[in-house]
Amino acid sequence: MNFLKPALILVLLSMSSAGAKADDHTFEVAKNLDIFHSIFTQLDLFYVDSIDVKRSMLIGIDAILEDLDPYTEYYSEEDMGDLKLMTTGKYGGIGSLIRMRKDSTVIIAEPYEGMPAAEVGLQVGDVLLQIDTIKLKGKNTSEVSELLRGEPGTSFTLKVQRPNEQGIREFKIKRRNIKLPALPYYTMIRPEIGYLNLSQFTEGCSKELRNAIIELKEKGAKSIVLDLRGNGGGLIGESINIVNLFVEKDKQVVETKGKIEGAHNVYMTEQQPLDLNMPVVILVNETTASASEIVSGSLQDFNRAVIIGTKTYGKGLVQSTRELPYNGGLKLTTAKYYLPSGRCIQAIDYKQRRDSKSNVAKRDTLGGITPDIVMKHDTLSNMLFYLSNDDIFTDWGTKYMQSHSQLPPVADFQITDEDMADLLQMAKDKDFKYDRLSEKRLEDLKAMAKFEGYYDDAKEEFDALEKKLEHNLDRDFEINKKDIRRLMAQEIVKRYAYQVGVIEQSLKEDTDLDRAIELLNNPNEYKKILKR
């Protein structure tokens, strides 16, 4: 038995070494906290000017967290509403998106149907001027948002300037619990195909989805398209329940692994499935992330769904929340998750970024979910970016709404040639300008030709090319008219039919959805892709 002695000695040494490392780490934590406390105390006592304690501490906290990953965040007592919104989809407020215009004013960007903002008559484009006695000039969107939110049942007076009007409008608004719809839209997209748009993974969304699928099946759906494009994720438990709708009980959907034992969890399906045979297609894009990737990736691993679209974001990190003193909270990354095949879809190794002391986070090409059918999409032109950035679409939409009291059904709505001409004229009246990359590249080429001594010989050709690349708004509108019509239609529809209308409008020209329908109408191709 003497051979056991060396092994026992090695085990004891390794335990001693691990204990020493733990003690060293604990000492380093205590040491550096003591140094930090001492520095801050000395600054507070002796620095030449008074220190804003709260601001300085937030800067320090943000610097620490920024070195980790984008998902580990501190929430002060005032910001806990944001954390609640993230996990539940609920908050106390008016139910509207806001954004800052190019002129630094904050406007109503998109009211939600049936919410206080829409009910009192706030419209897209309304400039927010004052909340009770607080004037909003110079405040950013975060500051304005904080003022708009509050305890449900509390009221405030909001003053706005509506474009093309002289007077100031005043609204009395009562805040209430706002719950954003997780499943804003579902329908029979074709006689035997159901379509469901899931926008987020908040409490109860799996039950909503289950009931909607049952309803669609009763209407004749024999297959479904689940749209997860733009869905940034949410609660992991809801994603497991959604996978369970299509996969039998006692299957491992995802495993999380972290530094501590409590972060290691295995998530299994626990219920009887809704349907094991119904063909399923899932639509994804580059903003499909987290819980959405669990659903799409695990159903792909189980050969239970075909994925169509573009490669997903690649967020394989799990966050949990911790309570902090003085009613604050910490959302921190505690683990990575692994799909049934064993793959971790995390695309960025933030630890590698810290170790290399680089601010650039490197993406892993293996990260994210690669669709079974990869779709290619044209990028928007430079001109359309500037039309949006300069609020041309917003201002035109406001003008349109002020002259049209109602909108026909979304299915029948179309942007006319007269509408296009009106937008073009508005752009001209506003002296709309936009940078063109071709023009910039030509200037770079001319500079290089002059530097190398070739410019004089090629001046005639340069002049001819420059003339062809001159600004021509009429021509560029004609070139981009299809995309311009689409963005104009979305701008109008959201004002009358809200989020549901925007989804319905966008599905009219949706190549990803068209490909999904084509696949579901071809059972042989569908089965072939699953086997592959």
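Values computed for the structure shown
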{"item": "The chain: antiparallel DSSP beta bridges as a percent of all, rounded to 5", "result": "75"}
{"item": "About the Cα centre, charge dipole magnitude for the chain (Lys/Arg +1, Asp/Glu -1 at Cβ), debye", "result": "1320"}
{"item": "Segments 255-263, 153-161 sorted - mean Cβ within 10 Å per residue, highest first", "result": "153-161, 255-263"}
{"item": "Anchor K399: lysines whose Cα lies under 23 Å away (excluding residues fewer than 8 positions away in-chain)", "result": "K102, K159, K428, K430, K433, K481, K482, K494"}
{"item": "Global form of the range 76-233, assessed from the alpha-carbon gyration tensor, a/c cut-off 1.5", "result": "prolate"}
{"item": "From the coordinates shown, Kirkwood radius over Cα pairs in Å corresponds to which of (i) 27.5; (ii) 25.4; (iii) 23.6", "result": "(i)"}
{"item": "Placed amide H near V253: partners under 5 Å, 5+ positions off or other chain", "result": "Y267, M268, T269"}
{"item": "Unit charges on C-beta of K, R, D, E only; dipole of the range 227-292, Debye", "result": "160"}
{"item": "Cα-centred dipole magnitude for the range 183-309, charges only on beta-carbon of K, R (+1) and D, E (-1), debye, nearest 20", "result": "200"}
{"item": "Sites K219 and I51, calculated FRET efficiency, Cβ-Cβ separation with R0 45 Å, nearest 0.05", "result": "0.10"}
{"item": "Probe 1.4 Å, accessible area per residue of the chain, Å²", "result": "57"}
{"item": "Full-stretch length increase - S104, K433 - with 0.36 nm per residue and alpha-carbon distance subtracted", "result": "116.5 nm"}
{"item": "Solvent accessible area, Å² - D417, 1.4 Å probe, full protein context", "result": "110"}
{"item": "Amide H within-cut-off set for Q346, under 5 Å, with H built and near neighbours excluded", "result": "G316, G368"}
{"item": "R99 long-range amide H proximity, modeled H, under 5 Å", "result": "I107, A109"}
{"item": "Residue-averaged 222 nm ellipticity for the chain, from DSSP H runs of 4+ at -39500 (n - 2.57), nearest 500", "result": "-14000 deg cm²/dmol"}
{"item": "Top positive-direction residue, dipole computed over the range 376-465 with Cβ charges, set L423, G397, A447", "result": "G397"}
{"item": "Accessible area in the full protein assembly, largest first, 1.4 Å probe, for V127, V284, V374", "result": "V374, V127, V284"}
{"item": "Label point distance in nm, T157-Q406, each placed 7 Å from Cα along Cα→Cβ", "result": "3.5"}
{"item": "Nearest-0.05 FRET efficiency for E470 and T379, computed from C-beta distance (R0 22 Å)", "result": "0.45"}
{"item": "In sequence order, calculated HN-Hα J values of the range 398-403 (Karplus, 6.51, -1.76, 1.60; Hz; x Gly/Pro)", "result": "5, 4, 4, 5, 6, 10"}
{"item": "Order by protection proxy (mean Cβ within 10 Å, highest first), peptides 191-202, 453-464, 320-331", "result": "191-202, 320-331, 453-464"}
{"item": "DSSP-defined antiparallel bridges as percent of all bridges, the range 105-260, nearest 5", "result": "75"}
{"item": "Binned Cα-Cα distance frequencies in the range 21-136 - 5 Å width, integer %", "result": "2, 8, 10, 13, 14, 15, 11, 9, 7, 6, 4, 1, 0"}
{"item": "Relative contact order [Cα under 8 Å, 6+ residues apart], the chain, whole percent", "result": "11"}
{"item": "Carbon and sulfur %, accessible surface of the chain computed with the full protein complex present, 1.4 Å", "result": "53"}
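The values are calculated or read from the model by the stated rules, or taken from the named source; none is laboratory data. All figures in this text were calculated on a predicted structure; none of them were measured in a lab. As a convention, Cβ positions derive from the backbone with ideal geometry for all residues, glycine included, and neighbour counts pool all protein chains shown. Each accessible area value is taken on the protein alone, full model and side chains, heavy atoms only, with ligands, DNA and RNA left out. Shrake-Rupley method; radii C 1.70, N 1.55, O 1.52, S 1.80 Å.
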